[in-house]
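Report on one structure; see the data block that follows.
The values are calculated or read from the model by the stated rules, or taken from the named source; none is laboratory data. None of these values were measured; they are calculated from a predicted model. Cβ atoms come from the backbone with ideal geometry, glycine included; neighbour counts cover every protein chain shown.
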């Protein structure tokens, strides 16, 4: 008899990448906890039809800034995939409150809850913008874990999303050093692919605007450096 697989939690389970990650985990017989803003929302109704969801999926109402709600979702889990993070589709009037605080404090809340629950490993979805936004990056340089985006440059150029991801990942590593948590981060680029839920995600909104000719910038093949299919990102977790 195959060994029973340990329970895992996916934050941001209602999002584009989170939904696909949930589906793949369920297909591999993992019992899964998923965090969403409101489990009763009809936009999550598609989970009722996903294979093995009825017996292996439990959705939790959680907020990144509400530590106790995260504790409830993470309790009893051996692994956690921290996917949730604010992704703006338009300009935000208050980036500190709308982007940076939820990204940084939310990540630290997740790690604190993981530490309390004795989680074995935490996988954090960061972003390539936590690596590449650096004016001192030599042309043609291969970027690896030694490279970081320049926070002051991000702030000066008002690249608030880039700053939020850079701050969140750097704080996560500091937290991991203090706590001893086994933390892994991955830094994907623009992730595209089929959508499982009814709501259109921020990345796909950009693609739709490009196709309709309503995007305010010229489309470039090299925009965002490279593109990724969502399954390439998910199978990196293995």
Exercise. Could you count how many residues in the range 38-77 are surrounded by fewer than 16 Cβ atoms within 10 Å (Cβ to Cβ), part of a loop (DSSP other than H, G, I, E, B) and either touching a strand residue (DSSP E or B) at 6+ places or on another chain (Cβ under 7 Å) or in contact (Cβ under 8 Å) with a residue 60 or more places away in the chain (or both)?
Worked result: 2
Exercise. Out of (1) out of contact with any strand residue (DSSP E or B) (no Cβ under 7 Å at 6 or more places or on another chain); (2) part of a loop (DSSP other than H, G, I, E, B); (3) surrounded by 14 or more Cβ atoms within 10 Å (Cβ to Cβ), what's the single condition that is false for residue 104?
Worked result: (2)
Seminar exercise, completed: Taking first residues from the range 79-95 that are over 13 Å from residue 107 (Cβ atoms) and second residues anywhere that are part of a strand (DSSP E or B) and modelled with pLDDT of 95 or more, the pairs with Cβ under 7 Å that are 6 or more apart or on different chains are 79/8; 79/121
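Is it the case that residue 52 is under 16 Å from the mean Cα position of the chain (by Cα) and more than 26 Å from residue 173 (Cα to Cα)?
Criteria not met by residue 52.
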For this session: Output the residues belonging to the range 126-152 that are within 30 Å of residue 33 (Cβ to Cβ) and surrounded by 11 or more Cβ atoms within 10 Å (Cβ to Cβ).
Result: 126, 127, 128, 129, 130, 131
Problem set entry | Residues satisfying the stated conditions in the range 162-214, i.e. touching a helix residue (DSSP H, G or I) at 6+ places or on another chain (Cβ under 6 Å) and in a helix (DSSP H, G or I) | 162, 163, 164, 165, 166, 167, 168, 169, 171, 172, 175, 179
Exercise. When the range 1-23 is examined, which residues are found to be touching a helix residue (DSSP H, G or I) at 6+ places or on another chain (Cβ under 7 Å), part of a helix (DSSP H, G or I) and within 15 Å of residue 79 (Cα to Cα)?
Worked result: 21
Exercise. Hey, residue 14 hits all of (1) exposed (fewer than 14 other Cβ atoms within 10 Å of the Cβ); (2) under 12 Å from the mean Cα position of the chain (by Cα) but one; which does it fall short on?
Worked result: (1)
Exercise. Just checking, which of 113, 62 is closer than 21 Å to residue 19 by Cβ and over 13 Å from the mean Cα position of the chain (by Cα)?
Worked result: 62
For this session: Might you check whether a residue that is without any contact (Cβ under 8 Å) to a residue 24 or more places away in the chain and surrounded by fewer than 16 Cβ atoms within 10 Å (Cβ to Cβ) occurs anywhere in the range 107-125?
Result: yes
